[in-house]
Amino acid sequence: MTVPAAIAKELDSLKDQIRHHNYRYHVLDDPEIPDAEYDRLMRQLQALEQQYPQLVTADSPTQRVGDAPISAFGTVQHQVPMLSLDNAFSSEELFEFHRRVTERLELEEGASSLRYTAEPKLDGAAVSLLYEGGKLVRGATRGDGSTGEDITHNIRTIEAIPLSLIGKGYPAVLEVRGEVFMPKAGFEAYNAKARADGQKTFVNPRNAAAGSLRQLDPRLTAERPLDIYVYSVGRVEGGILPDHHSEILDRLQDWGLKACPERKVVEGAEGCLAFYEDIGARRDALKYEIDGVVYKVDDLRQQRELGFVSRAPRWAIAHKFPAQEELTVVEGIEFQVGRTGAITPVARLEPVFVGGVTVSNATLHNIDELHRKDVRVGDTITIRRAGDVIPEVVGVIASRRPKGTRPVQLPKDCPVCGSAVVREDGEAVARCSGGLFCAAQRAEALKHFVSRKALDVEGFGAKLIEQLVANNRVKTAADLFTLTASELAELDRMGEKSAENVVQSIEASKGTTLARFLYALGIREVGEATALSLATHFGKLENIILASEEDLLSVADVGPVVALRIRSFFDEPHNSDVISRLIEAGVSWPETEPQSVAKVGPLVGKVFVLTGTLSGMTRDEAKQLIQSHGGKVTGSVSKKTDYVVFGDKAGSKLKKAQSLGVGTLNEEEFEALLAGC
Ligand code: IVH
């Protein structure tokens, strides 16, 4: 078959691109594009080569594992090649893998009892550790799979790697392979310090690990918080290992090497998939980054029968999680004005599927961040969406910047109301100075006022508020209570029925609590928890209005900045006026006796998270109780949480607490704790 010139050209271009990215990744430890994009280039090349096998050359990137080692380190020949893994990007591809395996092993179709060891796919750098007579004599990188770099000096600085094996029965020569990685916490701490010292940060924990291992000065490696999990063996002489992969890992552990505790022997493709889902659900809570799971046929006899293809074993596959990083193009950069006037640059993106959802906007947080990343309209950027966190612009692909782009400047005037944009000294955030004159701030303040945790006016959507603000019908929250069904029915997307429903919800929202009311006012720095502390402490609104900064400081949660914000809010005549009008309109709440917050007792200073339904009290009541005893209630579980109180139908928060080792209390235990206060 003759090869069209265009195909040959495309093939060359793909090879060049992949070589370039291999170099950036393996040699410079500074990848330019996300893995997903790299995988795509590689797959395109593989597909073309499959179609035109006569074009496969020995130096094609498909024929090698990684890239050549750099000369600064001595080289090491891997007597047993360090191979790579094939990838499965979907459950179909996993089932297909299982089908191929069972077919080759001539097992019955489906073979649901075939055993695999399932392990997390760690996102770090592969290393080979050579033990002779139980002593660590050499550490090496994978390099291109047959030649790696001698990094013994650096490897010896990693405390998790034993310099001598322990126990008995290890082979005279034992080469162990594993992944050196930087745990998430260490990575964050390292980057925070590097940022503070004005030094270069790492893009992700994997680069941090790879970069640290290839330091020329081992003292620098020693300062990096590196860890290891071993996952296979290479050369073995003068001794025998068990004949199942899972047992080999157990044995390695007996000899003092660390294997990942999350490993598990599973049966069939179903077992693999269940493991994948379980680990996927706990991924965020793991202390290290993983980018998928690896399944390995457990029985070594079966492994030998299956053998290898050019760069990967037939008996293993990496099942990847959906990419958390992708490439996309910036179509525009807009400045949004928030409730407190904060001006936030937002990148409008060509929609891209990343981290399991389609993303078309990404916040750039503030102008400094925008300038630091130098994002411009037309740029190709890497976007990251991990777990449930908001999508983040990782950086610009400099080589793909089109000609004629310009740096983005902070607007001098508010894009919504035209008032001056000001930036206080030392503040990262620029703000519109228009206050409630600014329609954007007004609309955001009103959206906040009606939101679920504030006055909770059901059915009062953003679009409705924006219309009412735009036509000047609603200037303050008090105006909401003068709206009639007939005028609402005139607005876009409103029928008579929905207009009536909205009026009814407005009416229903009048009966509220002091805490909700305070939160709804949108005082800067007063979130839900502080509002509740204020309400509990003072009992009555007028006590808060009359409180001095000093009085306010005695409330749990309130520091000098918050006290000042509260004071200035109530000192503003416009705000007192709106409050009086709200009360006149019928907004009310039960008053309570002022309660002082406990200063001693088992709950003081403890951080709680509530999840599920409690039978004896509402969540608000539980929260109030905790706060009145000096504890704090937050919304999400982290290492800082002391207790997770769980009721019926508790979900992921309870799971997360268990995986982080955070204390958990059922309702009975919680009540017992309160009783001891
Ligand atoms: S086994 C012959 N197990 O993934 C099989 N590899 O794409 C060799 N990796 O170079 C690898 N976690 O750096 C294996 N549990 C795990 C792994 C793992 C991460 C990395 C390793 C390897 C690459 C292959």
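Worth pointing out:
- Test: residue in segment 399-415 that is open to solvent by 50 Å² or more (accessible area, probe 1.4 Å) and small (Gly, Ala, Ser): yes
- Here segment 260-295 is the region considered, the condition is being without any contact (Cβ under 8 Å) to a residue 40 or more places away in the chain and more than 14 Å from residue 119 (Cβ to Cβ), and the residue that is surrounded by the most Cβ atoms within 10 Å (Cβ to Cβ) is 274.
- The selection criterion, being of a type in the set (Gly, Ala, Ser) and surrounded by fewer than 18 Cβ atoms within 10 Å (Cβ to Cβ), does not hold for residue 36.
- In summary, residue 185 fulfils each of the numbered conditions (1) within 16 Å of the ligand (Cβ to nearest atom); (2) more than 29 Å from residue 308 (Cβ to Cβ); (3) among the aliphatic types (A, V, I, L, M) with the single exception of condition (1).
- Any hit, segment 328-342, residues being more than 24 Å from the chain's Cα centre (by Cα) and within 16 Å of the ligand (Cβ to nearest atom): no
- Some residue of segment 251-259 being within 16 Å of the ligand (Cβ to nearest atom), open to solvent by 60 Å² or more (accessible area, probe 1.4 Å), part of a helix (DSSP H, G or I) and without any contact (Cβ under 8 Å) to a residue 60 or more places away in the chain: yes
- Count of segment 129-145 residues which are outside any loop (DSSP other than H, G, I, E, B) and within 13 Å of the ligand (Cβ to nearest atom): 2
- Residue within segment 190-199 that is in contact with a strand residue (DSSP E or B) (Cβ under 9 Å, 6 or more places away or on another chain) and either free of Cβ contacts under 8 Å to residues at least 24 places away in the same chain or surrounded by fewer than 21 Cβ atoms within 10 Å (Cβ to Cβ) (or both) present: no
- Looking across segment 130-151, the residues that are open to solvent by 20 Å² or more (accessible area, probe 1.4 Å) and closer than 21 Å to residue 255 by Cβ come down to 132, 133, 135, 137, 138.
- Selection within segment 598-647 - surrounded by fewer than 19 Cβ atoms within 10 Å (Cβ to Cβ), in contact with a helix residue (DSSP H, G or I) (Cβ under 9 Å, 6 or more places away or on another chain) and free of Cβ contacts under 8 Å to residues at least 40 places away in the same chain: 606, 613, 617, 635, 636, 638, 639
- Candidate set: segment 200-209, residues that are free of Cβ contacts under 8 Å to residues at least 40 places away in the same chain and crowded, with 18+ Cβ neighbours inside 10 Å; chosen: the one nearest to residue 122 (Cα to Cα): 208
- Exactly one residue out of 291, 368 is closer than 30 Å to residue 442 by Cβ and among the charged types (D, E, K, R), and it is 368.
- Candidate set: segment 223-250, residues that are crowded, with 18+ Cβ neighbours inside 10 Å and either among the hydrophobic types (A, V, I, L, M, F, W, C) or without any contact (Cβ under 8 Å) to a residue 40 or more places away in the chain (or both); chosen: the one farthest from the ligand (Cβ to nearest atom): 226
- Being farther than 24 Å from residue 355 by Cα, at pLDDT 95 or above and open to solvent by 70 Å² or more (accessible area, probe 1.4 Å) is a property that does not hold for residue 298.
- In segment 146-204, residue nearest to residue 294 (Cα to Cα) [restricted to those that are out of contact with any Ser or Thr (no Cβ under 9 Å at 6 or more places or on another chain) and part of a strand (DSSP E or B)]: 179
- Restricting attention to segment 540-557 and to residues that are over 29 Å from the mean Cα position of the chain (by Cα), over 18 Å from residue 580 (Cα atoms) and part of a loop (DSSP other than H, G, I, E, B), the residue that is modelled with the lowest pLDDT turns out to be 556.
- Only listed residue being touching a strand residue (DSSP E or B) at 6+ places or on another chain (Cβ under 8 Å), open to solvent by less than 10 Å² (accessible area, probe 1.4 Å) and more than 30 Å from residue 172 (Cβ to Cβ), chosen from 101, 127: 101
- Some residue of segment 86-94 being farther than 30 Å from residue 255 by Cα, in a strand (DSSP E or B) and more than 9 Å from the ligand (Cβ to nearest atom): yes
- Test for residue 118: is it under 30 Å from residue 269 (Cα atoms), in a strand (DSSP E or B) and either within 16 Å of the ligand (Cβ to nearest atom) or not acidic (Asp, Glu) (or both): yes
- Residue match in segment 5-15 (condition: within 32 Å of the chain's Cα centre (by Cα), modelled with pLDDT under 95, of a type outside the set (A, V, I, L, M) and surrounded by 13 or more Cβ atoms within 10 Å (Cβ to Cβ)): no
- Of the helices (runs of 4 or more DSSP H) lying entirely inside segment 563-666, not one contains at least 2 residues that are on the phi > 0 side of the Ramachandran plot.
- If you go through segment 298-319 and pick out every residue that is of a type in the set (Gly, Ala, Ser), in contact with a strand residue (DSSP E or B) (Cβ under 8 Å, 6 or more places away or on another chain) and more than 10 Å from the ligand (Cβ to nearest atom), you end up with 1.
- Which numbered condition residue 170 misses (of (1) among the aromatic types (Phe, Trp, Tyr); (2) more than 16 Å from the ligand (Cβ to nearest atom); (3) open to solvent by less than 50 Å² (accessible area, probe 1.4 Å)): (3)
- Taken over segment 479-530, the residue count meeting the criterion of being touching a residue at least 24 places away in the same chain (Cβ under 8 Å), surrounded by 14 or more Cβ atoms within 10 Å (Cβ to Cβ) and part of a loop (DSSP other than H, G, I, E, B) is 13.
- Condition check for residue 563: within 30 Å of residue 479 (Cα to Cα) and either modelled with pLDDT under 90 or out of contact with any Cys (no Cβ under 8 Å at 6 or more places or on another chain) (or both): yes
- Count of segment 357-378 residues which are within 23 Å of residue 320 (Cα to Cα) and either part of a helix (DSSP H, G or I) or open to solvent by 40 Å² or more (accessible area, probe 1.4 Å) (or both): 2
The values are calculated or read from the model by the stated rules, or taken from the named source; none is laboratory data. Only a predicted model underlies this, so the values are computations on that prediction, with no experimental measurement involved. Cβ atoms come from the backbone with ideal geometry, glycine included; neighbour counts cover every protein chain shown. Side chains are part of the model used for accessible areas, which takes the heavy atoms of the whole protein and leaves out ligands, DNA and RNA. Shrake-Rupley method; radii C 1.70, N 1.55, O 1.52, S 1.80 Å.
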